[in-house]
1. Could you give me the residue pairs with C-beta distances under 8 Å whose first residue belongs to the range 64-80 and is on the phi > 0 side of the Ramachandran plot, whose second residue is modelled with pLDDT of 95 or more and exposed (fewer than 15 other Cβ atoms within 10 Å of the Cβ) wherever it lies, and which are 6+ apart or on separate chains?
2. Within the range 1-26, restricting attention to residues that are among the β-branched types (Val, Ile, Thr) and more than 11 Å from the chain's Cα centre (by Cα), which residue is modelled with the highest pLDDT?
3. What's the total number of residues in the range 55-96 that are at pLDDT 95 or above, more than 20 Å from residue 13 (Cα to Cα) and not small (Gly, Ala, Ser)?
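The values are calculated or read from the model by the stated rules, or taken from the named source; none is laboratory data. Note that the coordinates shown come from a computational prediction; the quantities given were computed from them, not determined experimentally. Every residue, glycine among them, receives a Cβ derived from its backbone with ideal geometry; neighbour counts consider all protein chains shown.
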Amino acid sequence: MDKEVDNLILGGHELKISDRREIFLTGIKKIDSFDNEEFLMESNMGIILLKGSNLEIIRLDTHDGNVKIKGKIISFTYLDGESKQDKESFLSKLFK
């Protein structure tokens, strides 16, 4: 079975960062919010917070859950243990 098909069946998640200028992610279920400095996404492996500067989506495949973002990557964090209420509180703090 090829790797892409295997990821879809198993709900896989991959991450590839190139020179801190591009990031490619698979297993993305939803992009909750984004701007040129932050992306908040739901993946098969949890909630992801990506921070950077001049960030923009250059490819989005909602069917397969693939996202490619360019810009300067500053940090990439999985927000483990966050409940939906914690996530909403986090979002409200972001947009104050």
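1. Listed pairs, sorted by first residue: 71/21; 71/36; 71/53; 71/54; 71/56.
2. 17
3. Summing the residues that are at pLDDT 95 or above, more than 20 Å from residue 13 (Cα to Cα) and not small (Gly, Ala, Ser) in the range 55-96 gives 4.
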